[in-house]
Amino acid sequence: MPFRDLRLDPRLIRSIEHLGFTQPTPIQQEAVPAVMVGKDLIVSSKTGSGKTLAYLLPMMQRMLKSRPLSQQDPRAVILAPTRELASQIYAQLRLFVANTRLTCAFIVGGENFNDQEKLLKRKPQIIVATPGRLVDHLEHKSFFLQGLEMLILDEADRMLDLGFMPQLNTIHKAANHRLRQTLMFSATLDHADVNELALSLLKDPYRVAIGAGY
Ligand code: ADP
Ligand code: MG
């Protein structure tokens, strides 16, 4: 299946071509259309199977095609367990965002809080963050999540193993009931806390489990 069958915006296709990717991985083939029609999603697949673009592509597609709920608040938040992972996600996102008018910010622990607050005051549409630092900013009212449209939890199992369940719940609760979509990614679905979180956050989710790596 070529990438063009996913019916992505030409700006996204251009970035994909620039990266030299010719076809979506199996997980991307399953996840991209499901997210584009508005489904909540829970995905498990091996490391290296291309999960990052499985959510970044349909997330950006939806943002390019739909009117924002709010001009003030972020439209999408992507959470990752560690600074390193968040930084890898942010690097991928930046490559795509550069071709569009979408704006993004990187908000993780260990960096200057006031500098991050200034970034948040510029109203980025997409935030890539670690849960602890994002909650600090919510509590400090650096930004609000009333207009959030999409919440994405990458490596949810690791976030739970690191004890982030309360922060994930705080972030989800801070989002308005109009939150359209929640996407969860995990190496395994065989994890009691992942299932508990999925039950509490996801609405009638589409499940994608692919064993083989890409
Ligand atoms: P995962 O999160 O499942 O571990 P990543 O999203 O980090 O996987 O992707 C693993 C690697 O595969 C990255 O280097 C990424 O750039 C590359 N990749 C992702 N999608 C494709 C694709 N469709 N074709 C070729 N390489 C891809
Ligand atoms: Mg990953």
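The values are calculated or read from the model by the stated rules, or taken from the named source; none is laboratory data. In this text, all values refer to a predicted model and were calculated from it rather than measured experimentally. Here Cβ is always computed from backbone atoms with ideal geometry, including for glycine, and neighbour counts include all displayed protein chains.
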Residues of the range 65-84 classified as hydroxyl-bearing (Ser, Thr, Tyr) and either farther than 19 Å from Leu134 by Cα or buried (at least 16 other Cβ atoms within 10 Å of the Cβ) (or both), total: 2
Ala105 in a helix (DSSP H, G or I) and on the phi < 0 side of the Ramachandran plot: no
Residue satisfying all of: in the range 110-126; part of a helix (DSSP H, G or I) and touching a Ser or Thr at 6+ places or on another chain (Cβ under 8 Å); surrounded by the fewest Cβ atoms within 10 Å (Cβ to Cβ) among these: Lys121
Candidate set from the range 85-100 (those that are of a type in the set (A, V, I, L, M, F, W, C) and surrounded by 15 or more Cβ atoms within 10 Å (Cβ to Cβ)); member that is farthest from ligand 1 (Cβ to nearest atom): Val97
Helices (runs of 4 or more DSSP H) contained in the range 1-94 and holding at least 3 residues touching a residue at least 12 places away in the same chain (Cβ under 8 Å) and more than 17 Å from the chain's Cα centre (by Cα): 10-19
The one condition in (1) buried (at least 20 other Cβ atoms within 10 Å of the Cβ); (2) within 16 Å of ligand 2 (Cβ to nearest atom) that Ile16 fails to fulfil: (2)
Residue within the range 50-64 that is surrounded by fewer than 18 Cβ atoms within 10 Å (Cβ to Cβ) and away from ligand 1 (no atom under 16 Å from the Cβ) present: yes
Residue check, Val77 away from ligand 2 (no atom under 16 Å from the Cβ), modelled with pLDDT of 95 or more and under 24 Å from Thr188 (Cβ atoms): yes
